[in-house]
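Chemist: Mind having a look at this structure? Questions to follow.
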Amino acid sequence: MQEKTRKLITIISLVVACIIAVCAILFAANQQKFGGLFDVAFWVLVCYVVLSLIIWLFYGIISVTKKPKKAGIFAGIVVIVIVASILLALGDTMPKEFLLRYETSESAAKIIAIGCYVTYISVLGALVLMIYSAIVKAFKK
């Protein structure tokens, strides 16, 4: 049962992350035509981050009691992803026209950029792990 739950959560997480990525790419490609996707991508991203934190905390509490070493490694990876996202977002600057059009501040744009980078790194990491797992399974048979 727990394995099915993890697979379901992984699939849902990847689908939501892909939706966020597609909205962000469309928005970045043509801001005039897909300007409304900014709000959609932002709120989907907020929901994704909140849901991810809840899931991480749930599995983190279970992992700490059963496997404290793995829980520590997982916590370290999460911290590394967040720090890397913050460092990547520090160099980003938003055009003044964008900030005026969407009535947002530079700091809010940085927070959105950090969230996007966390999403991108998480999706990339999940894809790499899925490919690695498939290759390992193929060679075990």
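A short reminder: the numbers here are calculations on the coordinates, not readings from a lab. Every value quoted in this text rests on a predicted model; they were computed, and no experiment measured them. Cβ sites come from the backbone with ideal geometry, for glycine too, and all protein chains shown count toward neighbours.
Chemist: Extending each Cα 7 Å along its Cβ direction at Leu99 and Phe74, get the distance between those two points in nm, one decimal.
Modeler: 3.9
Chemist: Calculate the FRET efficiency for Lys110 and Ile54 from the Cβ-Cβ distance with a Förster distance of 22 Å, rounded to the nearest 0.05.
Modeler: 0.35
Chemist: Continuing with this model, one more query. What is the calculated FRET efficiency for Cys47 to Lys140, with r their C-beta to C-beta distance and R₀ = 41 Å, to the nearest 0.05? Let's see the in-between values first.
Modeler: Working: r = 37 Å, r/R0 = 0.91.
Computed FRET efficiency for Cys47 and Lys140 comes out at 0.65.
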